[in-house]
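Trainee: Mind looking over this structure? Questions follow.
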Amino acid sequence: MTNRAVFDVAVIGGGLHGLSAALHLGRAGKRVVVLERAWVGRHASGASAAGVRTLNRDVRELDLSLESMEMWQGIASLVGDDCGFHARGQICVAEDTMNLSKLEARVVELSAKGYTHEAIIDAKELRRQVPAISAHCVGASIAVDNGAADPHRALAAFRRSAQAAGVVIREGCGVRRIERRGSDWAIDTDRSPDGPAQQAEPLVVPIVVNAAGAWAGRIAAMVGDVIPLGTKASMMIVSERIAPMIEPVVSIMGRSLSFKQSDQGTLVIGGGLQGVPDLDRETSEVRMGILCKGARAATDLFPCVRDVRIVRVWSGLEAKTADMLPVIGPAVNAPGVFHSFGYSGHGFQLVPVVGAALTDLIVSGTTRRAIAALSARRLMVASPSEVSA
Ligand SMILES: Cc1cc2nc3c(=O)[nH]c(=O)nc-3n(C[C@H](O)[C@H](O)[C@H](O)COP(=O)(O)OP(=O)(O)OC[C@H]3O[C@@H](n4cnc5c(N)ncnc54)[C@H](O)[C@@H]3O)c2cc1C
């Protein structure tokens, strides 16, 4: 028995991007199955700091990101839960006048292009907004409607909503091979998408969404799109609970830091410091020596947290592209295959909108959403031997 006619779309990857695509497609009337090798949220989406940020975004993804920000402001209307999202602002602090000049130049450049979502605040206003900030900081840029969410609430909400829209989620179901079969794609998996028994026949579908995170380059190569990808293993620190001390999410110009306080009172510290990725073992390792730099940046900025205890650290895997922008849109060499990967450390914020953009493309063949600069073609190489990672 083949599974043709059971599903219109197979989404590979049960992270937030796979779930978002599945949700929007399900609501558009498509019969969707999500094939997840481990479990929903196992990798980047479950490890994320969940910052929801337009601040300091590359202009090539800014319009898409701004639309996603609007969707975050009303996220409960999309997935029936606020996903723990609070718009308490994101602030990028300058520790000296040279870095403040860089932030000012960006705001001027953005405003010349018609963008008004970032502004500069002086040292006095910075201290009003973030009283615990170190006295040496001279100013900052701010995006007031930015914030952060709870990644696990987001995963639960997207999963629930997708299932309510008829989406079938198969966990423990890794994709091993994809082959063209007429105008369809035949997908071999580790396990039957319809149950626990070993699958005798491949799943056959006309449409495939590649949302396989750190492994998406391997899925792309299976269908003939050779896209070199690096791997990120971003690390996080979580502290013990302390009394409320900060509202916005704070980063530093020129240093790796993202610093916020959760609703539970823990400090959540990240910013892109890198552990050791291991794609074949599907895991990554924390490098404590490197993580110290994040702790140092945090205490430089907030001397009052010097004695706060760290209770947990982790790292999570995801793909990074050569230009640190994602790949969103149709495959180049595979009709009916659509990519959504390479989020390079900042894909959480884009989750609501990218699923909608892919659904536009799949359902109507076109989208008004701003994905033109994010095509697969810009990163393609001619042959697999040119792939470095
Ligand atoms: C520590 C950390 C902090 C971050 N902080 C932020 C932040 O503050 N703000 C922000 O915007 N972004 C942040 N990000 C990035 C963001 O979390 C990711 O961009 C986003 O979660 C990517 O989602 P995804 O669905 O594409 O990937 P993933 O969540 O990794 O999902 C991909 C899934 O595909 C599955 N898969 C892979 N291969 C196969 C296969 N062959 N068959 C079946 N399934 C397969 C995997 O098991 C995985 O579950 C952070 C990331 C990390 C790791």
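Trainee: Determine which member of the set Asn99, Asn56 is away from the ligand (no atom under 11 Å from the Cβ), touching a residue at least 60 places away in the same chain (Cβ under 8 Å) and in the same structural domain as Ile133 (by TED's automatic domain parsing). Give the steps one after another, and end with the answer.
Mentor: Numbers: Asn56 fails: in the same structural domain as Ile133 (by TED's automatic domain parsing).
One residue alone meets the criteria, Asn99.
Trainee: Identify all residues within the range 150-176 that are more than 12 Å from Val34 (Cβ to Cβ), open to solvent by less than 20 Å² (accessible area, probe 1.4 Å), more than 10 Å from the ligand (Cβ to nearest atom) and of a type in the set (A, V, I, L, M, F, W, C); write none if there are none.
Mentor: Ala157 - this is the single residue of the range 150-176 that is more than 12 Å from Val34 (Cβ to Cβ), open to solvent by less than 20 Å² (accessible area, probe 1.4 Å), more than 10 Å from the ligand (Cβ to nearest atom) and of a type in the set (A, V, I, L, M, F, W, C).
Trainee: Tell me, which residue of the range 83-102 that is within 26 Å of the chain's Cα centre (by Cα) and within 13 Å of Ala123 (Cβ to Cβ) is surrounded by the fewest Cβ atoms within 10 Å (Cβ to Cβ)?
Mentor: Ala94
Trainee: State all residues of the range 226-245 that are open to solvent by less than 30 Å² (accessible area, probe 1.4 Å) and β-branched (Val, Ile, Thr); if no residue qualifies, say none.
Mentor: Residues satisfying the conditions are Val226, Ile227, Ile237, Val238.
Trainee: Among the listed residues Val268, Val327, identify the single one that is within 13 Å of the ligand (Cβ to nearest atom) and over 30 Å from Gln129 (Cα atoms).
Mentor: One residue alone meets the criteria, Val327.
Every residue, every condition in (1) closer than 14 Å to Arg170 by Cβ; (2) open to solvent by 20 Å² or more (accessible area, probe 1.4 Å); (3) under 15 Å from the mean Cα position of the chain (by Cα); (4) at pLDDT 95 or above, yes or no:
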site: Val9; (1), (2), (3), (4): yes, no, no, yes
site: Gly14; (1), (2), (3), (4): yes, no, yes, yes
site: Ala21; (1), (2), (3), (4): no, no, yes, yes
site: Gly26; (1), (2), (3), (4): no, no, no, yes
site: Arg42; (1), (2), (3), (4): yes, yes, yes, yes
site: Ser48; (1), (2), (3), (4): no, yes, yes, yes
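Trainee: I'd like to know if the range 140-149 contains one or more residues that are in contact (Cβ under 8 Å) with a residue 24 or more places away in the chain, open to solvent by less than 60 Å² (accessible area, probe 1.4 Å), part of a loop (DSSP other than H, G, I, E, B) and in contact with a helix residue (DSSP H, G or I) (Cβ under 6 Å, 6 or more places away or on another chain).
Mentor: no
Trainee: How about the range 115-138: which of its residues are closer than 18 Å to Thr299 by Cα, touching a strand residue (DSSP E or B) at 6+ places or on another chain (Cβ under 6 Å) and without any contact (Cβ under 8 Å) to a residue 60 or more places away in the chain?
Mentor: Result: Leu126, Val138.
Trainee: Across the range 282-291, what is the number of residues that are within 12 Å of Ile237 (Cα to Cα) and out of contact with any Leu (no Cβ under 9 Å at 6 or more places or on another chain)?
Mentor: Here is the first cut: in the range 282-291, the ones within 12 Å of Ile237 (Cα to Cα) are 286-288, 290-291.
Checking which are out of contact with any Leu (no Cβ under 9 Å at 6 or more places or on another chain) leaves us with 286, 288.
Count: 2.
Trainee: A further question on this structure: Of all residues in the range 200-225 being more than 14 Å from Asn333 (Cβ to Cβ) and either in the same structural domain as Thr283 (by TED's automatic domain parsing) or assigned to a strand (DSSP E or B) (or both), which is most open to solvent (accessible area, probe 1.4 Å)?
Mentor: For the range 200-225, the residue satisfying everything is Ile207.
Trainee: Given Val59, Val34, which one is at pLDDT 95 or above and buried (at least 24 other Cβ atoms within 10 Å of the Cβ)? Let's see the steps before the verdict.
Mentor: Working: Val59 fails: buried (at least 24 other Cβ atoms within 10 Å of the Cβ).
Of Val59, Val34, the one residue that is at pLDDT 95 or above and buried (at least 24 other Cβ atoms within 10 Å of the Cβ) is Val34.
Trainee: Exactly one condition in (1) within 22 Å of Gln261 (Cα to Cα); (2) in contact with a helix residue (DSSP H, G or I) (Cβ under 6 Å, 6 or more places away or on another chain); (3) surrounded by fewer than 19 Cβ atoms within 10 Å (Cβ to Cβ) is false for Pro131; which is it?
Mentor: (2)
Trainee: Would you mind finding the one in Ala28, Ala10, Ala38, Ala21 that is closer than 26 Å to Asp184 by Cα and more than 11 Å from the ligand (Cβ to nearest atom)? Working first, answer last.
Mentor: On the way: Ala10 fails: more than 11 Å from the ligand (Cβ to nearest atom); Ala38 fails: more than 11 Å from the ligand (Cβ to nearest atom); Ala21 fails: more than 11 Å from the ligand (Cβ to nearest atom).
Among Ala28, Ala10, Ala38, Ala21, only Ala28 is closer than 26 Å to Asp184 by Cα and more than 11 Å from the ligand (Cβ to nearest atom).
Trainee: Since Glu67 meets every condition but one in (1) of a type in the set (D, E, K, R); (2) over 21 Å from Asp360 (Cα atoms); (3) within 16 Å of the ligand (Cβ to nearest atom), which condition does it not meet?
Mentor: (2)
Trainee: Testing Ser65 on (1) open to solvent by 60 Å² or more (accessible area, probe 1.4 Å); (2) among the hydroxyl-bearing types (Ser, Thr, Tyr); (3) closer than 25 Å to Gly271 by Cα, one condition comes back false. Which one is that?
Mentor: (1)
Trainee: Would you check which residues across the range 258-280 are at pLDDT 95 or above, assigned to a loop (DSSP other than H, G, I, E, B) and of a type in the set (A, V, I, L, M) and list them?
Mentor: Leu279, the sole residue that qualifies.
Trainee: Can I ask one more? Can you tell me which residue within the range 284-316, out of those that are farther than 24 Å from Cys137 by Cα and in a loop (DSSP other than H, G, I, E, B), is least open to solvent (accessible area, probe 1.4 Å)? Reasoning before the result, please.
Mentor: To start, the set of residues in the range 284-316 that are farther than 24 Å from Cys137 by Cα comprises 284-289, 309-316.
Filter once more, keeping what is in a loop (DSSP other than H, G, I, E, B): 286-287, 309.
On the way: Val286: 46, Arg287: 101, Arg309: 157 Å².
Checked the range 284-316; the qualifying residue least open to solvent (accessible area, probe 1.4 Å) is Val286.
Trainee: May I ask you to verify whether Val250 is open to solvent by less than 10 Å² (accessible area, probe 1.4 Å), in the same structural domain as Val33 (by TED's automatic domain parsing), assigned to a strand (DSSP E or B) and modelled with pLDDT of 95 or more?
Mentor: Values: open to solvent by less than 10 Å² (accessible area, probe 1.4 Å): yes; in the same structural domain as Val33 (by TED's automatic domain parsing): no; assigned to a strand (DSSP E or B): yes; modelled with pLDDT of 95 or more: yes.
No; evaluated as a whole, the condition is false for this residue.
Trainee: Let me ask something additional. For the range 348-375, what are the residues that are open to solvent by less than 10 Å² (accessible area, probe 1.4 Å) and either part of a loop (DSSP other than H, G, I, E, B) or modelled with pLDDT under 95 (or both)?
Mentor: Gln349, Leu350
The values are calculated or read from the model by the stated rules, or taken from the named source; none is laboratory data. Note that this is a predicted model, so its numbers are computed, not measured. Every residue, glycine among them, receives a Cβ derived from its backbone with ideal geometry; neighbour counts consider all protein chains shown. Ligands, DNA and RNA are excluded from the accessible area calculation, which covers all protein heavy atoms including side chains. Shrake-Rupley method; radii C 1.70, N 1.55, O 1.52, S 1.80 Å.
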